[in-house]
1. Enter the accessible area per residue of the stretch 290-333 (Å², integer; probe 1.4 Å; all protein chains in place).
2. Round to the nearest 0.05 the FRET efficiency obtained for residue 97 and residue 199 when R0 = 25 Å and r is the Cβ-Cβ distance.
3. Heavy-atom accessible area per residue, the stretch 36-121, 1.4 Å probe: how many Å²?
4. Using only alpha-carbon positions, what ratio does the radius of gyration of the stretch 158-290 give when scaled by 2.2 N^0.38 Å?
5. Hey, with R₀ at 56 Å, roughly what FRET efficiency would residue 187 and residue 34 work out to, going by the Cβ-Cβ distance, to 0.05?
6. Would you mind listing how long the stretch 10-88 runs along its three principal axes, going by Cα atoms, in whole Å with the largest first?
7. Where the accessible area of the stretch 211-335 is counted over protein heavy atoms with a 1.4 Å probe, how much of it, in %, is carbon and sulfur?
8. Label-point separation (nm) for residue 9 and residue 313, each offset 7 Å from Cα along Cα-to-Cβ?
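The values are calculated or read from the model by the stated rules, or taken from the named source; none is laboratory data. Here the structure is a predicted model, which is why all the values come from computation and not from measurement. Here the Cβ positions follow ideal geometry from the backbone for every residue, glycine too, while neighbour counts run over all protein chains shown. Calculation scope for accessible area: heavy atoms of the full protein, side chains included, ligands and nucleic acids excluded. Shrake-Rupley method; radii C 1.70, N 1.55, O 1.52, S 1.80 Å.
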Amino acid sequence: MRPEDRFVERLRQALSGRDEVVVGPGDDGAVVFSPGGPLVVTTDALVENVDFLPGEDPGRLGRRAVSVGLSDLAAMGAWPDFFLLTIGFPESASEELPLALALSAAKRGEEFGASLVGGDLSRSPEIFLSVAVWGRPCGEVVRRAGARPGDVVFLSGWPGEAAAGLAVARARAGGDRSAGGAGWTPEQLAVPDETRLLAAYRDPEPRLPLGRALAREALATAAIDVSDGLGVDAGRLARASSVRLVLESENLPISPALAAFAELAGRDAVEMALAGGDDYELLFTTPPDRAGRFSDPPPEWGASVRRVGRVESGDGAFLEEERGLRPIDDLGFDHFGVVR
């Protein structure tokens, strides 16, 4: 178990339970009862030099902070109602910086009907944003626990593109371009590929319509927001469900843009897809008799969906390759590890 997951487990054991708390720490969000029905509550933070590069545009940053929080609700099949925003900013900043962050965050929330209703400001050595989001389930709450042997594993979007986008943004900012031992420059990428990769990193799309469909139609037995890396998050879903997740290498989606970047930078596209992080896609499981529902996803779901694996008896997350099964549940970001 990774340090971050061990921390969560130790915290869960130390907390006292309450009847109103249906789901506590350890999932993508908490679920609590209220007089108006159950609420799904989650929080996320973005910190300069950890989650984003210095000099990031405030408009993009505020928008991204809200998207990250909304992605957690999507994984649980909930739709947002309102959110709080806390902003930390350095002494050198004028009031225009937090205002720009807050206004862009509010606009992003409005796209999904979520209202900014308050928050806090604080001086800080570096910029940080923390978003707390409240929403309501669109059906039965979808949790990480619930996958069963025989289920089929699906994934939305294109994993690894955000990691490539971060590498491109870092190179544009004058950072290291020698990953994998091959010198490269962003100018060597086709413009459409660079644009796509940067957008995947800077402006993720929360899969709220997909999550809503999974809950409303009872399509998913379990789901997780892929934020720290496909490998580690697959491992978390497997552990919560007490099953083994097997991802099949031939079905792992590698976009042309990621493949082009990997070739240019001397990286392994599959490893980037498994360990890159910041994808904010949904990994979920469904019974085999419902798998056909995903063969032609309707446009209103707003995301491509692909079968990527299967659920078996056992434990852990693995990638099935020609040479056999390879454990992947350690591939991804850990907040107790090194800064990415």
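1. Accessible area per residue: 56 Å².
2. Working: r = 23 Å, r/R0 = 0.92.
E between residue 97 and residue 199, to the nearest 0.05, is 0.60.
3. 40 Å²
4. Relative to the 2.2 N^0.38 Å estimate, the stretch 158-290 comes out at 1.15.
5. With a Förster radius of 56 Å, E is 0.60.
6. Principal extents (largest minus smallest coordinate, Cα): 45, 30, 21 Å.
7. Ligands and nucleic acids excluded, carbon and sulfur give 45 percent.
8. For the pair residue 9/residue 313, the computed spacing is 2.3 nm.
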